[in-house]
Amino acid sequence: MSAGKRRKKLLSRLQGSDQAITGSTLAKEFDVSRQVIVQDVALLRAKGEQILATSQGYIIEDETRNNLPQLTIACQHDDSVTEIKEELATIIKYGGRIKDVIIEHPIYGQLRGLLTIQSQSDLDSFLQQYQTSKVKALSSLTKGIHLHTIEALNQEVLELIKDKLEERGYLLTE
């Protein structure tokens, strides 16, 4: 199969899925290396395709499909697995979905990592990746200060999540 045909099929595969697909899974499906998938995605993005790379894999997020209320919250904690787990688990426990993590870097400006964590399974997968990859959290660059965009079914759920994070000492307040 030609590279162009593979990229068309890759795009079609992503458009047909409502869940993220890992680069490794796509590599197996197309019988190429994961690096080839990374390059294909980069070329598709360069052509204007809105492919997101999340901690669970690649996805095309359809903004019209998801009109849930959102809230951006400012948090602070260390980058230990325990703190990260408790903060994110609190959000999903009370009905939230964590879209991203954002930091303000002094040189690069706003840096955003897509998370798309909405279940305990998503959280477990993310934490396992975090622990096994031996990387530092984005928030380690800003003394633990970071933002999350969260969404939920309604504004009341968002306010409850905010209250619970404040009770646990994660919410950065004035």
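Checking the Cα-Cα distances for Lys28/Lys99; Lys93/Lys164; Lys93/Lys134 against a 21 Å cut-off, the pairs over it are Lys28/Lys99; Lys93/Lys134. In a simple Cβ point-charge model (Lys, Arg +1; Asp, Glu -1; nothing else charged), segment 34-101 has a dipole of about 260 debye relative to its Cα centre. Charges were assigned to the Cβ only: +1 to each Lys and Arg, -1 to each Asp and Glu. The resulting dipole of segment 3-60 about its Cα centre is roughly 240 debye.
Listing Phe30, Phe126 from fewest to most neighbouring C-beta atoms within 10 Å gives Phe30, Phe126. For segment 3-60, taking Cα atoms only, Rg and Dmax work out to 9.9, 27 Å respectively. With the biggest extent put first, the Cα atoms of segment 1-100 measure 47, 32, 21 Å across the principal axes. What you get for segment 70-167, charging only the Cβ of Lys and Arg (+1) and of Asp and Glu (-1), is a dipole of about 340 debye around the Cα centre.
Remind me, relative contact order of the chain in percent, using alpha carbon pairs under 8 angstrom and six or more residues apart? Relative contact order of the chain: 25 percent. Over all directions, the projected convex hull of the C-alpha atoms in segment 77-174 averages 6.4 nm² in area. Each of Leu26, Leu71, Gly169 was placed along the dipole of the chain (beta-carbon charges, centred on the mean Cα), and the one lying farthest toward the positive end is Leu26. Dipole orientation for segment 70-167: of the candidates Leu123, Gly144, Leu111, Leu111 has the Cα lying most toward the positive pole (charges on Cβ; Lys, Arg +1; Asp, Glu -1). Across the chain, where is the longest run that never hits trypsin sites (Lys or Arg not before Pro) in a DSSP loop with at most 11 other C-beta atoms within 10 Å? Longest stretch, sites excluded: 66-133. With the charge dipole of the chain set up from +1 on Lys and Arg Cβ and -1 on Asp and Glu Cβ about the Cα centre, the Cα lying farthest toward the positive end among the listed residues Ser80, Leu44, Gln56 is that of Leu44.
Modelled spin labels at Gln129 and Asp18, positioned 7 Å past Cα toward Cβ, are 2.1 nm from each other.
Throughout, read-outs are computed from the coordinates displayed, never taken from laboratory work. Note that the coordinates shown come from a computational prediction; the quantities given were computed from them, not determined experimentally. Cβ: placed from backbone, ideal geometry, glycine included. Neighbour counts: every protein chain shown.
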